[in-house]
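Undergrad: My questions will all concern the structure given below.
The values are calculated or read from the model by the stated rules, or taken from the named source; none is laboratory data. A quick note: this is a predicted structure, and the numbers were derived from the prediction, not measured. We place every Cβ from the backbone using ideal geometry, glycine too, and count neighbours over all the protein chains shown.
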Protein chains: 4
Amino acid sequence: MIIVMKNGSTKQDVDKVIEALKEHGLGANLSTGSQATIVGVLGDKAKLGGFDFELMEGVEKCVPIMHSYKLASREMCPDGRVVRVGEEVIGRKKLVMMAGPCAVESEDQIMQAAEGVKAAGARFLRGGAYKPRTSPYSFQGMEEEGLKLMRKAADACGLKVVSEVVAHDQIDIAGKYCDMLQIGARNMQNFRLLREVGRAKIPVLLKRGISSTVEEWLDAAEYIMSEGNYNVVLCERGIRTFETATRNTLDVSAVPVVKERSSLPIIIDPSHAAGKSRYIASLSLAAVAAGADGLIIEVHPNPKVAMSDAAQQLTPEAYGTLFQKVGALAQVVGREMA
Amino acid sequence: MIIVMKNGSTKQDVDKVIEALKEHGLGANLSTGSQATIVGVLGDKAKLGGFDFELMEGVEKCVPIMHSYKLASREMCPDGRVVRVGEEVIGRKKLVMMAGPCAVESEDQIMQAAEGVKAAGARFLRGGAYKPRTSPYSFQGMEEEGLKLMRKAADACGLKVVSEVVAHDQIDIAGKYCDMLQIGARNMQNFRLLREVGRAKIPVLLKRGISSTVEEWLDAAEYIMSEGNYNVVLCERGIRTFETATRNTLDVSAVPVVKERSSLPIIIDPSHAAGKSRYIASLSLAAVAAGADGLIIEVHPNPKVAMSDAAQQLTPEAYGTLFQKVGALAQVVGREMA
Amino acid sequence: MIIVMKNGSTKQDVDKVIEALKEHGLGANLSTGSQATIVGVLGDKAKLGGFDFELMEGVEKCVPIMHSYKLASREMCPDGRVVRVGEEVIGRKKLVMMAGPCAVESEDQIMQAAEGVKAAGARFLRGGAYKPRTSPYSFQGMEEEGLKLMRKAADACGLKVVSEVVAHDQIDIAGKYCDMLQIGARNMQNFRLLREVGRAKIPVLLKRGISSTVEEWLDAAEYIMSEGNYNVVLCERGIRTFETATRNTLDVSAVPVVKERSSLPIIIDPSHAAGKSRYIASLSLAAVAAGADGLIIEVHPNPKVAMSDAAQQLTPEAYGTLFQKVGALAQVVGREMA
Amino acid sequence: MIIVMKNGSTKQDVDKVIEALKEHGLGANLSTGSQATIVGVLGDKAKLGGFDFELMEGVEKCVPIMHSYKLASREMCPDGRVVRVGEEVIGRKKLVMMAGPCAVESEDQIMQAAEGVKAAGARFLRGGAYKPRTSPYSFQGMEEEGLKLMRKAADACGLKVVSEVVAHDQIDIAGKYCDMLQIGARNMQNFRLLREVGRAKIPVLLKRGISSTVEEWLDAAEYIMSEGNYNVVLCERGIRTFETATRNTLDVSAVPVVKERSSLPIIIDPSHAAGKSRYIASLSLAAVAAGADGLIIEVHPNPKVAMSDAAQQLTPEAYGTLFQKVGALAQVVGREMA
């Protein structure tokens, strides 16, 4: 941390800052420029507790220098982490392709979806059983019954299951049916849920909060990892901006930023980003070209009658076509399909 | 809902849309303008389930017309709802003043804080026992022990207690010590928590999510109310924008917007909005002038050594001075102090 | 400026950075912490030209420490600047009240508007003659003819005239009729226009860009001041955020932030912020309570038939009522009406 | 346009709305649903002038249905427009590649840059002569002298010249040296400049404003086209969001959105979006994969000593490598290099 003194600060002000640092067992490095005096803090900032230098006389501002996450950082694992879900490997050359309906609606629906995405080439079946919905009057999901159906469909087709949990007491139940648990955008800072899913040791797909910075996202991953669960895959799904042409704004730059700062794999969800099925192909190709480790895409056997987010789900046929295009592009950017 | 047809849509396209509406038990009203054909949907949109007209041929877009919240709406209670917390009344002429430290840190600290805010004139003691923190390595709160100390301090001074819960299994414990439970900004769309706090029937202080629209906020209130708990007070605490001069951007316009659309009382938290104690007085006065029903402000006996959010906490003395100013302003805008 | 070295940077990397500083005539202050090495830059950063340390080996990032504006800063004029427009004084105890229609539409309309706002108590007549409109097919203003009518109406009522210029070759013409020139939000970074209005020495009302930070805004003011024109009044008029309930989000916190960082007066435009006339009273009171030096409000003799921005214009009667309320509040916050 | 009546509106309210429409020569189509009454407006909305129905009794809101741009719309030219700059064609199968330094700094610098980007395969030389800079104390560009040098360098290498104008009286001068004029992000709503560049009939590269919606951007293009200049190429260069990891957030979704709504070609500027040279390759590939018609990239013979925006400029070598990668990817998505 760096403490920048105000233009008109006195020597006394600076001395008091240095003294306060000493009281907390920290050293100081003074840099007196022509325009500003700067105090570099030596030692572990954590010793400060909540002590705030910005409240001291003569202090202009404090500038943090270090990230607060450690396990999630690139420095801790320069070659990048690999997340294994059974025999599936995420974070190496192979792209991971996840697909399935927004919500599990019936045995027929999830079975048709599973068959469709399997035929296209996907390796993970996605589908919501516990749905976080903006209005209490919207369909809230089939819960455990939905998970059972999804497991059954996935087993029949040889797919892994990834599904969202929205409360910590669903982890045990969901863990019985799922190979990977998703933490949704709205729960990215539900720290209790993050800790519990960290303790559960099941691989986690951590979506970025709708208005979370990359730094906050990596801090959220750190919550999971600090409980000993390093099997975390990040998922960018669009952020909230002023633009309304798309449901959210896909932050494709998050891919190279995350690759630089973190060792964790990152995949893209173009369906929630776009909110409209006709933009999904374009965003999927952009994501893979940018270096994403995979895609999670909403596919429904009959989007028009879907019970949630109908506008953003592809038909299995459209998904199959997209899968081929992604495959062709993957080769050019040094990747291959799972 | 209104369905706008594309410029080049055919009569057949329109007929299919009308047919689809009929299949769902809904009527249609056709409006053929010189520039666009518009289909007004007659009947309850809920009958559509997830059916999405935007996926049909010739459809440009669907425009929702109605709010999804009902109990929280102004129409349901044109005179405005009153929330009672014991003998305290929120939502009428009297302003409610809540104050206390960001986090409970020790018996001494919370007792001094309680005495300070009581002396100034506050009626509610706030203080965090379960702290949602961005990093897993930050101080996470004293939990139940903190609640006990807060209750003790509040009782000694004749104050009500309001404190945050961050998981649904904390509601029972917190309910033993608190007069009002706070749902924090990060949990505004933790729908499970909203439902459970709705079932608990304890008065709720519902903070606005950092990037939630007013409509989403009222939908969140609807979750609580749909479980039978109408004692909900809204709290605006700043939204995330591009501006970094303040921690968040206080959306003071939310006050008249909420007053128009909803029957629920709304208070302002200038501490989290500003993130800097030196802006709190200015924002507090603005909030009351705009029509807010009260203020929740962070006050710490010794802000410099606070264990969290030190920069945004006032001293009891500064709070006392602010309280007087708010009182003077209240009279001019037709309010009075509690 | 501070240069933060990467965790794994070598002594050689640091030496090269110091060497590069020396080549530019700058000194270095080294601070080697347990977690990071930091190089404080000594001397005037301007000597660096465009040299970028972030491109050097081992450099994590550069952190700027100083503002780029000087004349607009609070340090240069700790007591605050006063802007005089004839005998009117902006930036002291008296609030400045500006009002008038969005656009000048006819002699009758502007005369009625002038009489209405004068009767209420305003001292400045506003009105657009050169209108910046999003679509080329919208009404673009009456141009010089409009300015003539506004001058005539203002003279008849004893008001000052403030009106917008959108191109630098309008300054001479507008200067013949106006007492103060407005630079609109869309032109806040039209640097050519800023320079020319700086050279013209006419008082300037500088609106904040719809997505400009306070720092960028003060840099824009610096452009005007650097040409020798210190008569600049800032005007906050709402920023663009994700919220759509209001046209823009009024950033009321900008008032204390500007007061702290800059010596320039700041007024608020609640009409453009709200976009709806029914929220204007609430935001006006909030602005004055927060410490603003005045208000500029849209008033039209017959808002329903206004040729632009009808929804956000008040009737003269509504403005008169609001004026009285603002007057009552002003006294409580240590201000008085002009 | 659609007028939505309030829940409690009366038949009289509705009648008055219909009457007001008739007075303006417009028809009405009434749709009385179980929850809301909706009035569809028949005829050309332009007849309304500024008349605002939201100010009438019983009206909830007005919902616009049509775009305000016509010439820029996809409907007007379903196959897409082609922009010709001499023998170069933008908007068909070939990608257009533009590159060069942020600012022209000297004859040597621009000549080396031209040779470098030509060797890599680019067809347009970019370079700023009139620089819009946030601070008045930053380097403002070499102006006409810079344009001369750029023309000379481009002619020596067989390249087209594209450069920015920031005021309308620069158009004639710049037109002597440039093949294409750029309107920068800060001037996207400098309507006077748009009109004048429209009249000048020189091809235009129109950058998106930092916080402009796609709709506003197309309205800006309409300004240019409404003066008879249809040679407009759009350029997405990142929008302002809360995320600070990149200078701006590249809105890659704008590519499919623009392709759907408009007939104009769209290219991407990854340099300004990223603000850091190390992210440019990733974003360039994403842009082309998403369907962009080309790229404009900052290339400087010696980025470290660049006089502006050093951090985001590539070396000619890095640009050459990137050019090859883009070429490989282009083939997979059905494009080819110019």
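Undergrad: Return the only residue of B:Arg278, B:Arg208, B:Arg247 being crowded, with 24+ Cβ neighbours inside 10 Å, closer than 24 Å to B:Ala122 by Cβ and of a type in the set (Lys, Arg).
TA: B:Arg208
Undergrad: Working only within segment A:66-123, note down all residues that are among the charged types (D, E, K, R) and over 26 Å from B:Phe51 (Cα atoms).
TA: A:Lys70, A:Arg74, A:Glu75, A:Asp79, A:Arg81, A:Arg84, A:Glu87, A:Glu88, A:Arg92, A:Lys93, A:Lys94, A:Arg123
Undergrad: Just give me the residues in segment C:85-143 being more than 11 Å from every other protein chain (Cβ to nearest Cβ) and hydroxyl-bearing (Ser, Thr, Tyr), in sequence order.
TA: Within segment C:85-143, C:Ser106 is the sole residue that qualifies.
Undergrad: When the residues of segment A:13-32 are filtered to those that are out of contact with any helix residue (DSSP H, G or I) (no Cβ under 9 Å at 6 or more places or on another chain) and free of Cβ contacts under 8 Å to residues at least 40 places away in the same chain, which remaining residue is farthest from A:Tyr69 (Cα to Cα)?
TA: My answer is A:Asp15.
Undergrad: Based on this model, can you work out whether C:Ser211 counts as without any contact (Cβ under 8 Å) to a residue 60 or more places away in the chain, more than 17 Å from the chain's Cα centre (by Cα) and within 14 Å of chain D (Cβ to nearest Cβ)?
TA: Spelling it out, it is not the case that C:Ser211 is without any contact (Cβ under 8 Å) to a residue 60 or more places away in the chain, more than 17 Å from the chain's Cα centre (by Cα) and within 14 Å of chain D (Cβ to nearest Cβ).
Undergrad: Mind listing whichever residues of segment B:184-202 are surrounded by 23 or more Cβ atoms within 10 Å (Cβ to Cβ) and away from every other protein chain (no Cβ under 12 Å)?
TA: B:Val197
Undergrad: So the check is Cβ under 8 Å with 6+ separation or different chains; which pairs have a first residue in segment B:34-58 that's in the same structural domain as B:Val17 (by TED's automatic domain parsing) and a second one that's of a type in the set (Asp, Glu)?
TA: B:Ser34/D:Asp44; B:Gln35/D:Asp44; B:Ala36/B:Glu60; B:Gly50/A:Asp309; B:Met56/B:Asp13; B:Glu57/B:Asp13; B:Gly58/B:Asp13
Undergrad: Just give me the residues in segment C:1-37 being part of a loop (DSSP other than H, G, I, E, B) and either within 26 Å of A:Lys47 (Cα to Cα) or within 13 Å of chain A (Cβ to nearest Cβ) (or both), in sequence order.
TA: C:Met1, C:Lys6, C:Asn7, C:Gly8, C:Ser9, C:Gly25, C:Leu26, C:Gly33, C:Ser34, C:Gln35, C:Ala36
Undergrad: On to the next question. In segment A:230-252, what residues are away from every other protein chain (no Cβ under 11 Å) and in contact with a His (Cβ under 9 Å, 6 or more places away or on another chain)?
TA: Residue satisfying the conditions is A:Arg237 alone.
Undergrad: Restricting to segment A:290-317, give me the number of residues that are hydrophobic (A, V, I, L, M, F, W, C), away from chain B (no Cβ under 14 Å) and more than 25 Å from the chain's Cα centre (by Cα).
TA: Residues meeting the conditions: 0.
Undergrad: Then there's this: Can you say whether B:Val255 is free of Cβ contacts under 8 Å to residues at least 40 places away in the same chain, more than 14 Å from chain A (Cβ to nearest Cβ), crowded, with 21+ Cβ neighbours inside 10 Å and out of contact with any Ser or Thr (no Cβ under 6 Å at 6 or more places or on another chain), as far as the supplied structure shows?
TA: So B:Val255 passes the test.
Undergrad: Of the residues in segment A:43-67, how many are crowded, with 19+ Cβ neighbours inside 10 Å, within 7 Å of another protein chain (Cβ to nearest Cβ) and under 30 Å from C:Gly25 (Cβ atoms)?
TA: 1
Undergrad: Let me ask something else. Only residues that are part of a loop (DSSP other than H, G, I, E, B), small (Gly, Ala, Ser) and surrounded by 23 or more Cβ atoms within 10 Å (Cβ to Cβ): list them for segment D:123-136, please.
TA: Hits for segment D:123-136 are D:Gly127, D:Ala129.
Undergrad: Considering each of B:Ser262, B:Ser253, B:Ser271 in turn, give the residue that is more than 24 Å from B:Leu71 (Cβ to Cβ) and assigned by TED's automatic domain parsing to the domain that holds B:Val288.
TA: From the options B:Ser262, B:Ser253, B:Ser271, the qualifying one is B:Ser271.
Undergrad: Of all the strands (runs of 3 or more DSSP E) wholly in segment C:47-122, which have at least 3 residues that are over 29 Å from D:Thr134 (Cα atoms)?
TA: The strands (runs of 3 or more DSSP E) meeting that bar are C:94-100.
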